[in-house]
Amino acid sequence: MIFLLKQRSPLYLKKTMKNLKILHRNIFALLRVTIYSQNINVSNFKAVCEEIYLFLLDHYPWVSITPTVHKFLAHTLSIHRSEDNHGLKIFSEEGLEQAHKQIRRFSEYLSQKSDTLLEMKDIFSQIYVIV
């Protein structure tokens, strides 16, 4: 890819860099809005999603849009609407990461290491505060 870009004219490279900056800025904005916890303007969100999708199709018709990008651009809006137009911070993985951190601590410091079953029992006891 870099070899092909080096063979292009400086004007083409300048235009390509400009397009990539626009694409990067818009996708970054969508990602920031998606993790926002407050109410969002879904009509603006939809417009930006459509703009990015059309931008990709117009400027890079040879690019195959991955399923992940398609799901994000085409289907995130319906999730926002189902969440009463709020951002998706409630679906953040921060809580899950914290839970894994706690489980590792329980496993390391508060469980028996002699048997896997006993270790799991101790971890569950700590998680659910079972005596």
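Residues in region 92-115 that are of a type in the set (S, T, Y) and either at pLDDT below 80 or touching a helix residue (DSSP H, G or I) at 6+ places or on another chain (Cβ under 8 Å) (or both): S92, S107, S111.
Listed here are the residues, each with its yes/no results for (1) part of a helix (DSSP H, G or I); (2) among the aromatic types (F, W, Y); (3) at pLDDT below 80.
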position	(1), (2), (3)
R25	yes, no, no
L30	yes, no, yes
S37	no, no, yes
V48	yes, no, no
D84	no, no, yes
M120	yes, no, no
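So, in region 59-75, exactly how many residues are in a helix (DSSP H, G or I) and out of contact with any Phe, Trp or Tyr (no Cβ under 8 Å at 6 or more places or on another chain)? The number of residues fulfilling the criteria is 8.
The values are calculated or read from the model by the stated rules, or taken from the named source; none is laboratory data. Because the structure is a prediction, the values reported are computed rather than measured. All Cβ positions, glycine included, derive from the backbone under ideal geometry; neighbour counts span all protein chains shown.
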